[in-house]
Amino acid sequence: MKKIASTCFILFLCYLFLIQKNVYGYGYAREKDPLITVFRSVIFYGRQSNWSRVAAEINTINNRITDIYTIFKIDLKPRIESAIQQQDFQALANYMANFVFLAIREKFYYNRQEKLEIFIRSKVRLRLAEEYYSILLAGNVRNYDIRHKTNLHEKIYNRFIMARDTLGSMGFLGVGAIKPDLKNFEITTKEIETLLVQAFPYFETGQFGSE
């Protein structure tokens, strides 16, 4: 009996190790995603008016900007380049926030395309989308809530939690597996997108101005 228990425990540890390895092999370690580091750098150097460094940082994510264009047919590159040339920090910050929003939509898009059938990929994409929001956009959403006496941040946060539950579970070695709930994933993530547009209307219109 002890041997069986010991064997099961070892298998369980191996299972956890493989999941962790696959998760970080497919995506990036927490807060190490290039979009997060580049966004922070662009904002930092933009505030210092170091525009050559801003341009260099943007060039490192040109492939991501192209990916976004391929899916959504929204080309932010000329707008970002124009903001850099005009040394317009506010416009630059707005375009970068818009890019983060589209990157979140991209993660949702690929999960919908795969119908949540590959658990590890679905989990990593959703985790990255949630990090993009919590690290890069949540602060502005909280400020919006304060100004407008709303609770958009709480709603968005709760829907990310709900989205996690729709992914299902692999179970343990296939035992106790739970199938994903694609329909509720689609509903919940669409609600996240709608709430973000409410906080950042220019994500939809492309026009910056007073709220």
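The values are calculated or read from the model by the stated rules, or taken from the named source; none is laboratory data. For clarity, every value in this text was computed on a predicted model and none was experimentally measured. Note that we place each Cβ from the backbone using ideal geometry, even for glycine, and neighbour counts take in every protein chain shown.
Sort through Ala103, Ala91 and tell me the only one that's assigned to a helix (DSSP H, G or I), within 21 Å of Tyr202 (Cα to Cα), within 19 Å of the chain's Cα centre (by Cα) and of a type in the set (Gly, Ala, Ser). Break it down stepwise before answering.
On the way: Ala91 fails: within 19 Å of the chain's Cα centre (by Cα).
Being assigned to a helix (DSSP H, G or I), within 21 Å of Tyr202 (Cα to Cα), within 19 Å of the chain's Cα centre (by Cα) and of a type in the set (Gly, Ala, Ser) holds for just one of Ala103, Ala91, which is Ala103.
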Counting only helices (runs of 4 or more DSSP H) wholly inside the range 34-86, the ones holding at least 2 residues that are under 20 Å from the mean Cα position of the chain (by Cα) and within 22 Å of Tyr110 (Cα to Cα) are 34-47, 62-72
Flagged pairs (Cβ under 7 angstrom, 6 or more apart or on separate chains; first in the range 160-179, under 23 Å from Ala129 (Cβ atoms) and basic (Lys, Arg); second part of a helix (DSSP H, G or I) and at pLDDT 85 or above) are Arg164/Leu126
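With the condition kept exactly as written, say whether any residue in the range 12-32 is at pLDDT 95 or above and of a type in the set (D, E, K, R).
No: the range 12-32 contains no residue that is at pLDDT 95 or above and of a type in the set (D, E, K, R).
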Within the range 174-211, of all residues that are at pLDDT below 95 and not in a loop (DSSP other than H, G, I, E, B), the one surrounded by the fewest Cβ atoms within 10 Å (Cβ to Cβ) is Val175
Margin query: Any residue that is over 20 Å from Phe185 (Cα atoms), among the hydrophobic types (A, V, I, L, M, F, W, C) and surrounded by 15 or more Cβ atoms within 10 Å (Cβ to Cβ) - is there at least one of those in the range 107-130?
Written below: no
Going through the range 131-144 in order, the residues found to be surrounded by fewer than 20 Cβ atoms within 10 Å (Cβ to Cβ), more than 12 Å from the chain's Cα centre (by Cα) and touching a residue at least 12 places away in the same chain (Cβ under 8 Å) are Asn140, Tyr144
Note on Glu57: of the conditions (1) over 26 Å from Thr194 (Cβ atoms); (2) surrounded by fewer than 17 Cβ atoms within 10 Å (Cβ to Cβ); (3) among the acidic types (Asp, Glu), unmet is (2)
Apart from one, (1) in contact with a Phe, Trp or Tyr (Cβ under 6 Å, 6 or more places away or on another chain); (2) at positive phi all hold for Gly168; the odd one out is (1)
